[in-house]
1. Counting DSSP beta bridges in the chain, what percent are antiparallel, to the nearest 5?
2. Fully extended, how many nm does the chain gain between Glu206 and Phe79 (0.36 nm per residue separation, minus their Cα-Cα distance)?
3. Gain in length, Thr142 to Lys89, computed as 0.36 nm per residue apart minus the alpha-carbon separation, to one decimal in nm?
4. Return a whole-number percent for the relative contact order of region 105-186, with Cα pairs under 8 Å and 6 or more residues apart as the contact set.
5. What is the extension gain from Ala4 to Phe124, computed as 0.36 nm multiplied by their sequence separation minus the C-alpha to C-alpha distance, in nm to one decimal?
6. Give me Thr68, Thr174, Thr5 sorted ascending by neighbouring Cβ count inside 10 Å, so fewest comes first.
7. Can you divide the C-alpha Rg of region 89-199 by 2.2 N^0.38 Å and report the result to two decimal places?
8. Could you work out [θ]222 nm for the chain from helices alone, using -39500 (n - 2.57) per DSSP H run of at least four and dividing by all its residues? Round to the nearest 500 deg cm²/dmol.
Amino acid sequence: MARATLTISSKNYSSWSLRGWLLCRMAGLAFDEKLVEIDGDQRQELLLLSPSVLVPRLTDGDVTVWDTLAIAEYLNEKFPKADLLPKDKAARAMCRAVSGEMHSGFHNLRSALPMNLKARHEKFKIFSGARPDVERIKAIWTECLEKYHGPYLFGDKLSLADAMYAPVCTRFRTYAIDLEPALAAYCERVFAWPLLQEWTEGAIAEPDEIVELEVEF
């Protein structure tokens, strides 16, 4: 059987590609990466959310699935032993809820703090519209870490939620967001995640050919 293919875009800028890639690796899926070059018309298609360029997009045999949460659910069905979702029913429901909130919300944060793994700002003024998003994410992390006792959002195993919020950790580092010690420690654990380190190495090696984007993709 042919290996699966995950279509992604820029490793430096594309938070959704990162999420899909993390989930595939967490599940143990053997796959090849296919990169969509981000320039010219293709960049415009991404910014307009054109259906002709869907990233991340997973092709696994006769299955083609896009949208990060849909990819997660497909992988959870195919690889149940990977435990992308917690075993406990209540924890599983909460994991889906906070992941869904990341998936569909935080629009001001997305535009104000775009993912850029190569950048570091010693100080960065966040416009007022994005501050409630930052505070809400802090509240989610605090509740999860206190309720499930860490070191990750749902206990001692990385889950769908950690994959969904990993790009936010990188944003908070890029834009020097102040975090309480417990949340800063959580981000440091995410940064130490070998999969995120591997992705970051690819992002650093990526050519600097993209004008910094104003829309998350």
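Here, each number is a calculation from the coordinates, and none is a lab measurement. Worth saying up front: this structure is predicted, and the values here are computed from it rather than measured. When we count neighbours, we look across all protein chains shown, and the Cβ atoms used for this are built from the backbone with ideal geometry, even at glycine.
1. Among the beta bridges of the chain, antiparallel pairing accounts for roughly 60 percent.
2. Full extension of this stretch gives 42.6 nm more.
3. Length difference between fully extended and current span is 17.1 nm.
4. Reported relative contact order: 41 percent.
5. Roughly 39.2 nm would be gained on extension.
6. Thr5, Thr174, Thr68
7. Scaled against compact globular proteins, the figure is 1.02.
8. Theoretical 222 nm ellipticity from helices: -16000 deg cm²/dmol.
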